[in-house]
Structure formats: C-alpha cells, structure tokens
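Chemist: Structure incoming, see below.
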Amino acid sequence: MAPILTWLNPDGYDAPNIIGSQNPVLHRVHLHEPASAALTLCDKDGILYQPCRNEVSDFLSIPRPFTLLVERDACPRSAILHDSGYRQGGLWVSRDNGKSWHFERMERKQIDLLLWGGIRAEKLGPCKSWMVYAGVRMGGWAKWNEYRKEKP
C-alpha cells in the first residue's frame with residue numbers, strides 16, 4: 001500500500017521558476033532556486049521532504065520502449081525528489097512544519113516509497129504508478145550503487 005502523501009502546494013509547480021536550463025536530448029534539469037513548497041512532499045504524520053539544492057534531474061529514467069506507456073515528464077516533482085534522494089543518499093526533512101530542516105540519510109526503499117506516494121499525489125493513474133514504482137524497485141539498484149561508490 002502506498003504511503004499517504006500530498007504536495008504542500010499541489011497546483012504550484014511552476015517550472016520556469018524552479019527549473020533552469022533543460023537539454024532536450026538528455027532531459028536534464030537543474031534546480032537553481034532553493035526548493036519551494038511546490039517541491040515539498042508531506043506525509044500523513046506531517047513530515048516534510050525536499051530535494052537537495054543545486055540538484056540535477058533527468059525526470060523519469062524510463063527505457064525508451066516504455067515511454068509509450070509512461071512519459072518521462074509525467075510526474076516531474078516526484079522524479080526530482082527521487083533523483084535527489086538517490087544521488088545524495090537522503091533528503092532534506094522537517095518534522096516541525098518547515099521551521100527547521102536537516103539532511104536525513106535514507107535507505108533506497110524509503111526513497112522509492114516516497115516516489116510511489118509522490119506520483120500518486122501527482123495523480124498519475126494506479127497502473128502507470130505501479131509500473132514506475134516496479135521499474136524503480138527492479139532496476140534502481142544499479143544507479144543507487146553507482147552513486148554510493150562516488151560518495152566517501
């Protein structure tokens with residue numbers, strides 16, 4: 001069962017303000033501004049999650065044949081949060097309604113579950129959400145391990 005998650009500002013994803021240059025070949029975006037409420041995910045206990053600053057995301061890293069079923073930019077906020085979590089090994093977390101933030105290390109499964117809840121909150125249909133989540137659980141280990149080798 002998916003965790004119950006919501007985006008703090010569900011209609012507030014304003015790509016030009018959050019996302020800098022985009023290379024259409026690589027599908028990479030750079031976060032130039034600190035994460036805003038539009039990139040803040042909230043769980044049922046009120047814990048807030050944000051990506052790291054100056055993060056790079058390629059949205060959903062879906063193999064080309066599967067892009068016929070799920071578009072790479074189908075759930076950009078969830079993808080940015082997930083990519084940041086994988087790259088950094090955790091996310092920025094607030095347990096006091098955003099008054100203070102700290103970086104929290106997380107296991108891969110925790111970050112994948114946040115992706116699942118985030119894409120459901122972005123209203124991607126249940127079948128597509130499951131395909132994305134199953135794909136990440138089956139194939140995400142390679143990228144996770146690659147990033148762990150880069151970090152001391």
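The values are calculated or read from the model by the stated rules, or taken from the named source; none is laboratory data. These numbers were taken from a predicted model, which means no experiment stands behind them. Here the Cβ is made from the backbone with ideal geometry for all residues, glycine too, and neighbour counts use every protein chain on show.
Chemist: For the stretch 51-75, which positions are modelled with pLDDT under 85 and either in contact with a strand residue (DSSP E or B) (Cβ under 8 Å, 6 or more places away or on another chain) or hydroxyl-bearing (Ser, Thr, Tyr) (or both)? Please lay out each step first, then the result.
Modeler: Applying the first criterion (modelled with pLDDT under 85) to the stretch 51-75 yields 52-75.
Selection gives Cys52, Arg53, Asn54, Glu55, Val56, Ser57, Asp58, Phe59, Ser61, Thr67.
Chemist: Further question: Quickly run through the stretch 94-152 and pick out the residues that are among the basic types (Lys, Arg), over 20 Å from Cys52 (Cβ atoms) and touching a residue at least 60 places away in the same chain (Cβ under 8 Å). Walk me through how you get there before you give the answer.
Modeler: Taking the stretch 94-152 as the starting set, the residues that turn out to be among the basic types (Lys, Arg) are 95, 99, 105, 108-109, 120, 123, 128, 137, 143, 148-149, 151.
Checking the rest, the ones that are also over 20 Å from Cys52 (Cβ atoms) come to 120, 123, 128, 137.
Hit for the stretch 94-152 is Arg120, nothing else.
Chemist: Specify the residue that is modelled with the highest pLDDT; the eligible residues are those in the stretch 76-122 that are among the basic types (Lys, Arg) and surrounded by 21 or more Cβ atoms within 10 Å (Cβ to Cβ). Even if it seems obvious, please write down each step before you answer.
Modeler: Taking the stretch 76-122 first, the residues among the basic types (Lys, Arg) are 77, 87, 95, 99, 105, 108-109, 120.
When the remaining residues are screened for being surrounded by 21 or more Cβ atoms within 10 Å (Cβ to Cβ), the result is 77, 120.
On the way: Arg77: 83, Arg120: 87.
Result: Arg120.
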